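Following: one structure in structure tokens, then a few remarks.
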Amino acid sequence: MPDLILALDVLSRSEALRVADAAAPHLDAIKIGYPLVLAAGLDIAGPLSGFGIPLIADFKVADIPNTNRLIAEQVFAAGFSAIICQGFCGSDSVAACVEAADDAGGECYVVTEMSHPGALEFLSGKNAELLAQMAVDVGAHGIIAPATRPERVQTLRAIIGEKKILSPGVGAQGGDPAVIAPLIDGMIVGRAIYTAENPAKAARAYAEFRR
Ligand code: O7E
């Protein structure tokens, strides 16, 4: 059963710290990305690190290897424990993020199939399976796979074996935590916690699905 990872896509420093403070006792990691970093600055990583749980950088890095490495080095220098990259740029681009993660003692996760309906146009089926195999081949620490499609998570699990699966799509996107929890290593939940009237209570409810 999985860790609970808060997707903290709020748009101010004060709101980020309010939600994180309430939910932190029930969390195993916090994931932040463009919404919060563009609104509040990368410096937000400092106070969020103060909650004592790992911070995951979700910039879905998707560039040439040199640029990916430069981005990944900035991420780890800012205090993050893990970075998320896209796989579709190819194995050399992903390897650049994996190497930067290894150098920093961190982790790199590769997006395979995404959770939204439009993912079915390009980022699913055989392509997702090729991305998962590539993530294994370049030594990534795990993949991102959709809580909205548990059967696809099972298919991708068969490819990656013991590597970790972090899975968004529970709650606001309709994924069922009871169904997906036994299949994954990390459950990513955003709006169902940070827009809740009582984020602590919401986080505690999702934490019930942890190991
Ligand atoms: O729907 P929510 O509010 O629970 O938020 C889900 C979070 O997961 C949000 O930050 C979104 O950007 C992210 N996400 C998906 O929803 N679907 C995906 O396929 C991939 C991600 C993601 O985070 O990728 C990297 C982990």
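Numbers at a glance
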| read-out | value |
| --- | --- |
| Leu131 within 18 Å of the chain's Cα centre (by Cα) and either free of Cβ contacts under 8 Å to residues at least 24 places away in the same chain or outside any helix (DSSP H, G or I) (or both) | no |
| In the stretch 87-128, the residues that are away from the ligand (no atom under 15 Å from the Cβ), surrounded by fewer than 16 Cβ atoms within 10 Å (Cβ to Cβ) and under 18 Å from the mean Cα position of the chain (by Cα) | Asp102, Gly105 |
| Wholly enclosed helices (runs of 4 or more DSSP H) of the stretch 1-114 bearing at least 3 residues at pLDDT below 95 | none |
| Some residue of the stretch 162-170 being surrounded by fewer than 18 Cβ atoms within 10 Å (Cβ to Cβ) and either among the β-branched types (Val, Ile, Thr) or in contact (Cβ under 8 Å) with a residue 12 or more places away in the chain (or both) | no |
| Subset of the stretch 159-206 [under 26 Å from Asp21 (Cα atoms) and away from the ligand (no atom under 15 Å from the Cβ)] | Ala178, Glu197, Asn198, Ala200, Lys201, Arg204 |
| Of all residues in the stretch 132-158 being polar (S, T, N, Q) and more than 18 Å from Cys85 (Cα to Cα), the one that is nearest to the ligand (Cβ to nearest atom) | Thr148 |
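The values are calculated or read from the model by the stated rules, or taken from the named source; none is laboratory data. Computed from a prediction, not measured in an experiment: that's the story for all the values here. Neighbour counts are summed over all protein chains in view; Cβ atoms, including those assigned to glycine, are modelled from backbone coordinates with ideal geometry.
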